[in-house]
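Below is one structure, written out as structure tokens, with a few remarks after it.
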Amino acid sequence: MMDPEVLERIAARRAELDGLQEQLVKQLAKVRAERDELAVAERVWQRMSEQVAEERAEAGSPVVQVAGRAVRLVPDRGSGVGESALPAEYQRILSAVRQAAGPVATRQVGERLGLDTGVRGKLEPLRGKLTKLADRGWQHN
């Protein structure tokens, strides 16, 4: 015959494991629910990203308000997006870069555009615009 103390310990351990199993079942249900929510969120995000990309492609270079004035954004270079989508100033910069026989420094582009290249502060905005054109694929063949 089994010792009553051993039977009591077995029953206690079984109760403990049953409680743990119940907690794990609840946690697993929460994990599954959250994974399902994430899958839905991912699908919605994907659809919205595609819609935004289509709208941007159709709209060309959008106009935004910066410091109370309308400014055109520089679009990414892609199929169906011509240089005419760039603001006139960026078109002039791109033209100056392309006239160079090889790599060109910001100062050289500034000189071609008629900027005062002796003042560093005059070149910084140009450097930013050149960087923007490069980052968006306009200076790469």
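The values are calculated or read from the model by the stated rules, or taken from the named source; none is laboratory data. Everything numeric in this text was worked out from a predicted model, so none of it was measured. When we count neighbours, we look across all protein chains shown, and the Cβ atoms used for this are built from the backbone with ideal geometry, even at glycine. Note: accessible area is taken over every heavy atom of the protein model, side chains too, but ligands, DNA and RNA are not part of it. Shrake-Rupley method; radii C 1.70, N 1.55, O 1.52, S 1.80 Å.
Numbers at a glance
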quantity: Matching option when the condition is surrounded by fewer than 10 Cβ atoms within 10 Å (Cβ to Cβ) and modelled with pLDDT under 90, among ALA67, ALA53, ALA85; calculated: ALA67
quantity: Qualifying residue in the stretch 109-120 (condition: hydroxyl-bearing (Ser, Thr, Tyr), assigned to a loop (DSSP other than H, G, I, E, B) and surrounded by 12 or more Cβ atoms within 10 Å (Cβ to Cβ)); calculated: yes
quantity: Subset of the stretch 121-141 (residues that are part of a loop (DSSP other than H, G, I, E, B) and over 11 Å from ILE93 (Cα atoms)); calculated: ARG136, GLY137, HIS140, ASN141
quantity: Among (1) closer than 17 Å to ASP135 by Cα; (2) open to solvent by 100 Å² or more (accessible area, probe 1.4 Å); (3) modelled with pLDDT of 80 or more, the one test that SER79 misses; calculated: (3)
quantity: Complete set of residues in the stretch 69-108 that are in contact with a strand residue (DSSP E or B) (Cβ under 9 Å, 6 or more places away or on another chain) and in a loop (DSSP other than H, G, I, E, B); calculated: LEU73, LEU86, PRO87
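Residue by residue, here is whether (1) in contact with a helix residue (DSSP H, G or I) (Cβ under 9 Å, 6 or more places away or on another chain); (2) in contact (Cβ under 8 Å) with a residue 12 or more places away in the chain; (3) aliphatic (A, V, I, L, M) holds:
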position: ARG98; (1), (2), (3): no, no, no
position: VAL104; (1), (2), (3): yes, no, yes
position: LEU113; (1), (2), (3): yes, yes, yes
position: GLY121; (1), (2), (3): no, no, no
position: PRO125; (1), (2), (3): no, no, no
